[in-house]
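The values are calculated or read from the model by the stated rules, or taken from the named source; none is laboratory data. Here the structure is a predicted model, which is why all the values come from computation and not from measurement. Here the Cβ is made from the backbone with ideal geometry for all residues, glycine too, and neighbour counts use every protein chain on show. For the accessible areas, the whole protein counts, side chains as well, though only heavy atoms, and no ligand, DNA or RNA atoms are used. Shrake-Rupley method; radii C 1.70, N 1.55, O 1.52, S 1.80 Å.
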Amino acid sequence: MNSYQNKNKLELKNICKNYGDIEILKNINISLKEGELVSLVGPSGCGKSTIFNIITELIKYDAGDMVKDGEISYMFQKDLLLPYKTILDNVALALQVKGISRKVAREKVKPYFKSFGLEGYENNYPHELSGGMKQRANFLRTFIYSNDIILLDEPFGALDSITKMYLQEWFLDIRKKVNSTILLITHDIEEAIMLSDRIYVLSNKPSHVKKEFNLKKNMNKKDVLEREALKKDITELLK
């Protein structure tokens, strides 16, 4: 179950980043507590992916400080499943890259297929699965690599609206079974409201946090009027 402890798992303090003469991030302050799902919402090109690349140390920041407590896994919008491997072997690959043998890795990941709604698809290949099922496998592989801190970059963005709706509901159910700390990039305000405990709204570049919304404390997600009011507030901030 999600714990929502007071312990910070990830914290960015006054992070700044330039690409040449272009200022991308300006004093970004973001924190994630254990067990939370926090969303980043902002205009296209504002630097959300740059924030993820800084967290995973793919690029360096120019100023500020970052504190991480745990191992990080990163799931992209595209599933990136290897077409010549079965779904079981695609998922097991997350452990093999850590030096675990293929045989042992396969045995370790098999029990998770039922929980993630993939039981019976272990020996299928990616081209035999729907877009939604491939994203389930993608998320399972990400979870297997590290279920501690998970970065999700538009994980449902490429799906049609019906598949997206079902996968969001599936994701909410999965969250009840794990205690991962999750940072989500999304352009979908309704998705952010549906899935998140907190939302950071980012400005155009140079990007900074315009406002933080705490959904755990301040709203009832079942209240349609509250959801619509929050959506309106976020939309106004993004103008």
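Along the axis of the charge dipole computed for the chain (Cβ charges of +1 for Lys and Arg, -1 for Asp and Glu, origin at the Cα centre), the listed residues Phe113, Leu81, Leu12 are led at the positive end by Phe113. Checking the a/c ratio against 1.5 first, then a/b against b/c, what shape does the Cα gyration tensor give for segment 30-69? Oblate, since a/c reaches 1.5 and b/c is not below a/b.
Just check segment 97-239 against the gyration tensor rule for me: Cα atoms, a ≥ b ≥ c as the square roots of the eigenvalues, rounded for a/c under 1.5, and otherwise prolate or oblate depending on whether a/b exceeds b/c. It comes out prolate by the Cα gyration axes. Taking amide H positions as modeled 1.01 Å from N, with prolines and chain starts lacking one, the residues under 5 Å from Tyr74 and 5 or more places away or on another chain are Leu151. Close amide H contacts of Lys210 (hydrogens built in the peptide plane, cut-off under 5 Å, sequence separation of 5 or more or a different chain): Val201, Leu202, Ser203. Which of the lysines could be linked to Lys231 by a straight reach, that is with a Cα gap under 18 Å, when you skip same-chain ones fewer than 8 residues away? Partners within reach: Lys210, Lys211, Lys216, Lys217, Lys221, Lys222, Lys239.
Here the sum of -39500 (n - 2.57) over DSSP H runs of 4 or more residues, divided by the residues of the chain, equals -10000 deg cm²/dmol at 222 nm, to the nearest 500.
For segment 1-104, the orientation-averaged shadow of the C-alpha convex hull comes to 9.3 nm² (one quarter of the hull surface).
Volume per residue for segment 170-237 equals 100 cubic angstrom (convex hull of Cα atoms). Computed from phi, the 3J(HN,Hα) profile of segment 223-239 under the Karplus parametrisation 6.51, -1.76, 1.60 (θ = phi - 60°) reads 7, 4, 5, 5, 4, 5, 5, 5, 4, 5, 4, 5, 4, 5, 5, 7, 6 Hz, with x in place of Gly and Pro. Just checking the listed ones, Leu40, Leu25, Leu129: in the Gaussian network model of the chain with Cα springs under 10 Å, the one fluctuating most is Leu129. Here's how it looks for Ala63: its modeled amide H is under 5 Å from those of Cys16, which are all 5 or more places away or on a different chain.
Solvent exposure of Tyr19, expressed as accessible area, is near 100 Å², computed with a probe of 1.4 Å over the protein chains only. For segment 158-171, 3J(HN,Hα) computed residue by residue from phi via the Karplus equation (6.51, -1.76, 1.60; θ = phi - 60°) reads 8, 8, 5, 4, 5, 4, 4, 4, 5, 6, 5, 5, 4, 5 Hz, glycine and proline entered as x. 3J(HN,Hα) along segment 102-112: 4, 4, 5, 4, 4, 5, 5, 8, 3, x, 7 Hz, from the Karplus curve 6.51 cos²θ - 1.76 cosθ + 1.60 with θ = phi - 60°, whole Hz, x for Gly and Pro. Note that the chain shows a convex hull volume over its alpha carbon atoms of 134 Å³ per residue.
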